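The values are calculated or read from the model by the stated rules, or taken from the named source; none is laboratory data. All figures in this text were calculated on a predicted structure; none of them were measured in a lab. Reconstructed Cβ throughout: ideal geometry from the backbone, glycine too, with neighbour counts over all protein chains shown. These area figures cover heavy atoms from the full protein model, side chains too; ligands, DNA and RNA do not enter into them. Shrake-Rupley method; radii C 1.70, N 1.55, O 1.52, S 1.80 Å.
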Amino acid sequence: MHQENLKLRFRMDWKKYATAWRSKGKILIGVVIIVIGATYFFYNLTQKTIVNLQAENFHAKMLINYEYTRRVLSDVYVSVTSNVFYLEQTLDNTEGQQEVMARIVKQGTRVHSCGMNFVRDYYYPEKGHRYCPFAWRNRENHEEILTEEKGDADFDYLEANWFTSVIDADTAMWSEPFADGYDNVTQLAAYMVPIHNQERKPVAVLGADISLDWLTNKLLETDSAYNALNPFATNALGLRSRSFIVNHDGSFITHPEGELRLEGLIFNHLKPIGDYKMSTLIDHIEKGIMSEQESQQKFLFDGTECYLFYTPVKYTRWMMVSVVPCKSIDMPGIYYGLKILGIFIVAMLLIALLCYHYIIVYGRKYWKKE
């Protein structure tokens, strides 16, 4: 009888103990599920937040490059327009025109060359059918300004698109990039202004040229400065952002590889990943639409996954484009997301240990009491 009572009591005690274990186990499982859910939520939140912040950072860097380029173009604009009135008032005196061209080049430290191309026979026969007072910076000594009168024996500009466009439209504009007509080597872009006679008829085009080599090197300098801020990504992983200026049709205006300028199209180097249509990007570049939410769309640029940032350059049909490897933006998000994940895992383990410790201690106390 006594043995049967002991067995009955043991079964009742075991049932109570098992019930306690199941209750604690359910609590533990619930805590684990909550922690896992919270961990997943905060990992994604942190990762997306950091990625968006990184994207905003690169967008800001692109705008800094844009602002620098805009200041360069603005300096050229001021150098040219500040001399228009004087030239229009002194068209009857050709003696001082060379001096003005030299002054524009000298004062505009970013100006490569300057010329005033007259319509056919404006000074004929004194100056021939074509006449252009011209000044340029000596390649060997940038402080030295050289001058020359270009005429019939030199480059025939009368039918050139840049010349006829300004004369026919009677408006100032930035030219499409072109190779210097006098050496057919130097790649240039020019700010051009019509010069009028007393009847307000356009009789010449005053243009100041900037070198695309110089503009390319300046963008390379700023890119190098930005990339140097993260030496591990740049040197160990080879992650480098690159900046270009492209024309409205996608042709490169600046590119380290000179042969791609004026000829290569940025669209030929890009391939969208996913459902994004290339025609959308082409339309944005043609219409001068600034990019937004760049981290939502990936491209392949020469085989490397990247994000694309772009903005129009004011008063031109150019676009500033920054190509940033996806890893440069995604990796910091993953890094900080994993830190959050690690914190939650440690927290989960501590909670599990506390629960386990509580169950064991409670169970031992219970058995000792009994």
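Within region 149-165, being free of Cβ contacts under 8 Å to residues at least 40 places away in the same chain and either touching a Leu at 6+ places or on another chain (Cβ under 9 Å) or of a type outside the set (A, V, I, L, M, F, W, C) (or both) holds for Lys150, Gly151, Asp152, Asp154, Asp156, Glu159, Asn161, Thr164, Ser165. Of all residues in region 84-102, those being closer than 15 Å to Pro202 by Cα and under 35 Å from the mean Cα position of the chain (by Cα) number 1.
Among the residues of region 251-286, those that are within 21 Å of Val313 (Cβ to Cβ), among the β-branched types (Val, Ile, Thr) and in contact with a strand residue (DSSP E or B) (Cβ under 9 Å, 6 or more places away or on another chain) comprise Ile253, Thr254, Ile266, Thr280, Ile285.
Among the residues of this structure, Tyr315 counts as one that is surrounded by fewer than 17 Cβ atoms within 10 Å (Cβ to Cβ), on the phi > 0 side of the Ramachandran plot and not in a helix (DSSP H, G or I).
The condition of being within 30 Å of Ser291 (Cβ to Cβ), under 32 Å from the mean Cα position of the chain (by Cα) and either at pLDDT 95 or above or among the hydrophobic types (A, V, I, L, M, F, W, C) (or both) holds for only one of Val105, Val76, that being Val76. All conditions in (1) hydroxyl-bearing (Ser, Thr, Tyr); (2) free of Cβ contacts under 8 Å to residues at least 40 places away in the same chain; (3) in contact with a strand residue (DSSP E or B) (Cβ under 8 Å, 6 or more places away or on another chain); (4) over 18 Å from Arg71 (Cα atoms) hold for Ser175, with the sole exception of (4).
Restrict the check to region 222-243 and report whether at least one residue is touching a Pro at 6+ places or on another chain (Cβ under 9 Å), surrounded by 15 or more Cβ atoms within 10 Å (Cβ to Cβ), in a strand (DSSP E or B) and touching a residue at least 40 places away in the same chain (Cβ under 8 Å). Scanning region 222-243, I find at least one residue that is touching a Pro at 6+ places or on another chain (Cβ under 9 Å), surrounded by 15 or more Cβ atoms within 10 Å (Cβ to Cβ), in a strand (DSSP E or B) and touching a residue at least 40 places away in the same chain (Cβ under 8 Å), so the answer is yes.
Quick test for you: out of Phe299, Phe252, pick the one residue that is surrounded by 18 or more Cβ atoms within 10 Å (Cβ to Cβ), aromatic (Phe, Trp, Tyr), within 17 Å of the chain's Cα centre (by Cα) and farther than 12 Å from Val323 by Cα. Step through it out loud before you land on a result.
Numbers: Phe299 fails: farther than 12 Å from Val323 by Cα.
After ruling out the rest, the residue left standing is Phe252.
Of the strands (runs of 3 or more DSSP E) contained entirely in region 72-191, those carrying at least 1 residues that are open to solvent by 70 Å² or more (accessible area, probe 1.4 Å) fall at 145-150.
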